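Only one structure is covered here, and it is reproduced in the block below.
Derivation of every value follows stated rules applied to the coordinates shown; laboratory data play no part. These numbers come from a predicted model, not from an experiment. Note that each Cβ is placed from the backbone with ideal geometry, even for glycine, and that neighbours are counted across all protein chains shown.
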Amino acid sequence: MDTRERIGRVALGAAIVAMLSAWRAEAGIAISGGTPAQRAMGQWAEDRFADAGIGVPSLEVRFHRERGGCDDRLGLYEDGVAHICGVHVNDLSRRNLLHELSHSWVESHVSASLEVRFLRLRQLETWNDHDAEWEKRGTEHAAEIIGWAVGGQPDGTGMPSIPMNDTRQLAEAYELLTGQQLPD
């Protein structure tokens, strides 16, 4: 191997390392606004996805004091940004944060063919038709299920707010979406 070939290979290797480093630096959750407790909740949510082994969604989380930042709701995922509204850090806000982060995860991990299989499994007709009721949209079922699973699979009031939400049905849907069993 001559000197030019060695230099070329070294340059190519350096470029690959730089590209992978830049990609990894962009993966994960960037947090805007919020109190120290809310920012800690954002880190907690990122850790839940990492611990589940399904990959951490890449998005920005923006905390807002008032519901106006969330279209008068508690949370909203739109164009790579999860808007979380309110000032409290409690079980409901953690559940809401996981749900909105799950929308980002679903957006980047669920193919059109997987959407169809998921709709069939969940006995739904639409993925994200805003004319359909919230609990009849596949994207909401997927976000509820992923959020519930990575959040530790709570029972009672922590169960997903969708039909067909017994643990067996949720586990089956999670496995279809992720290709993995429920995390411990």
For Trp127, enumerate residues with amide H under 5 Å from its amide H, sequence gap 5+ or separate chain, H modeled in the peptide plane.
Gly138
Net charge near Gly158, counting Lys/Arg +1 and Asp/Glu -1 over other residues with Cβ under 9 Å of its Cβ?
-1
Under 1.5 on a/c is rounded, so check that first for segment 16-170, then, if it is not, pick prolate when a/b is larger than b/c and oblate when it is not; a ≥ b ≥ c are the square roots of the alpha carbon gyration tensor eigenvalues.
oblate
Summing -39500 (n - 2.57) over the DSSP H runs of n ≥ 4 in the chain and dividing by its residue number, what mean residue ellipticity at 222 nm do you reach, to the nearest 500 deg cm²/dmol?
-17500 deg cm²/dmol
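Which value, to two decimals, describes the C-alpha radius of gyration of segment 37-85 once divided by 2.2 N^0.38 Å?
Values: Rg = 11.6 Å, N = 49, 2.2 N^0.38 = 9.7 Å.
Computed over Cα atoms of segment 37-85, the ratio equals 1.20.
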In Hz, Karplus ³J(HN,Hα) per residue of segment 65-80 (6.51, -1.76, 1.60; θ = phi - 60°; x = Gly, Pro):
6, 10, 5, x, x, 10, 6, 6, 10, 7, x, 7, 10, 7, 6, x
Taking K and R as +1 and D and E as -1, what net charge do the other residues with C-beta under 12 Å from the C-beta of Gln181 add up to?
-3
Taking loop as defined by DSSP and a crowding limit of 12 other beta carbons within 10 Å, which chymotrypsin sites (Phe, Trp or Tyr not before Pro) in segment 84-139 fit?
none
Exposed loop sites here are GluC sites (Glu not before Pro) in DSSP loop states with at most 14 other C-beta atoms within 10 Å. What is the longest stretch of the chain lacking them?
1-65
Projected-area average for segment 90-184 over all orientations - Cα convex hull basis, square nanometres
5.7
Using each residue's phi in segment 86-93, evaluate 6.51 cos²θ - 1.76 cosθ + 1.60 at θ = phi - 60° and report the 3J(HN,Hα) Karplus result to the nearest Hz, with x for Gly and Pro.
x, 10, 7, 10, 8, 4, 5, 5
A correct Karplus calculation of ³J(HN,Hα) over segment 104-117, with 6.51 cos²θ - 1.76 cosθ + 1.60, θ = phi - 60°, whole Hz and x for Gly and Pro, returns 5, 4, 4, 4, 9, 10, 9, 7, 4, 5, 5, 4, 4, 5
